[in-house]
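What follows is a short report on a single structure.
The values are calculated or read from the model by the stated rules, or taken from the named source; none is laboratory data. These figures come from a predicted structure and were not determined experimentally. When we count neighbours, we look across all protein chains shown, and the Cβ atoms used for this are built from the backbone with ideal geometry, even at glycine. We work out accessible area using only protein heavy atoms, side chains counted, and drop any ligands, DNA or RNA first. Shrake-Rupley method; radii C 1.70, N 1.55, O 1.52, S 1.80 Å.
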Amino acid sequence: SDNFKAVGALADVYFERGFYRRARELFVQSVEMAQARGRASGQGGFIDFDSPRLSIAKCDEALGDFAAAKKAYDALEAAHPRWKRLLYNQVLLALRQLDFEGALQQVTRIRALLGPDDAVLTTLEAAVHKAQRDVAQLPALDGPLTPRQRGAWLELFDEHGALALARKMALEQLTDPAITPDERERAAGYLAFRGEEREARLALEQLSEPR
């Protein structure tokens, strides 16, 4: 049976829709099912376990467990040192934490492996520089932020794929007593879009309470 492939395909759908917790559960299930099939058939060496493991790490990253994602990426890179999709994710992991220096160091390291003409790496490098410019135009995160400023940070995090940071910013937005109903609704809508239904529902319930 190839049911583990079907489970993995379903996990891909959840991931693309932003339901990272459910996607992670399904990716883990697909790996476990594939391992069981490999043991039963004696053909485990012919099954790709590492693609879903990469997907699990991408879920960890999206959920904000950057340490787990980094550990998984490094382990996978040790086994597949020239796996381009994995190498690109090393750059993105740093970028999505706004670690611009780390992201550019990864670009330099990976360019030495792949050569100077890798188009995807060039695009990623440009994305890092754009994020740097965008961040420079916003107030510092370590100071007090108005709801409007927090909303600008939320948009920037989402634009650059820093989904865990965007989620954190949306949750902070919802707990600010100075927030307007429209701003709260936008933050709740973002959480719902990213699969955080419970947080969004609580926020929308607050919107309906009499003031």
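Quick notes on this structure:
- Among 155-165, 20-30, sorting by the average number of other beta carbon atoms lying within 10 angstrom of each residue, highest first, gives 20-30, 155-165.
- Mean accessible surface per residue for the stretch 1-103, computed with a 1.4 Å probe while every protein chain stays in place, in Å²: 53 Å²
- Shape of the stretch 59-106, Cα gyration tensor, a/c cut at 1.5: oblate
- Whether the stretch 20-110 is rounded, prolate or oblate, judged on the alpha carbon gyration tensor where a/c under 1.5 counts as rounded: oblate
- Using the Cβ-Cβ distance between residue 146 and residue 39 with R0 = 45 Å, the FRET efficiency computed as 1/(1 + (r/R0)^6) comes to roughly 0.20.
- Estimated from the Cβ-Cβ distance and a Förster radius of 30 angstrom, the FRET efficiency linking residue 99 and residue 6 is about 0.25.
- 17 Å Cα-Cα reach of residue 84 towards aspartates and glutamates, excluding residues that sit fewer than 8 places from it in its own chain: 48, 50, 74, 117, 118, 125
- Just the protein heavy atoms count here, and of the accessible area of the stretch 67-211 at 1.4 Å, carbon and sulfur take up 56 percent.
- Among the trypsin sites (Lys or Arg not before Pro) in the stretch 50-82, those placed in a DSSP loop whose Cβ has at most 13 other Cβ atoms within 10 Å are 82.
- For the chain, adding -39500 (n - 2.57) for each run of n ≥ 4 DSSP H residues and dividing by the number of residues yields -24500 deg cm²/dmol at 222 nm.
- When the Cα gyration tensor is reduced to axis lengths a ≥ b ≥ c, the ratio a/c is 1.5 or higher for the stretch 74-211, and with a/b above b/c it is classed as prolate.
- Theoretical FRET efficiency, 1/(1+(r/R0)^6), r = Cβ-Cβ of residue 176 and residue 84, R0 41 Å, to 0.05: 0.45
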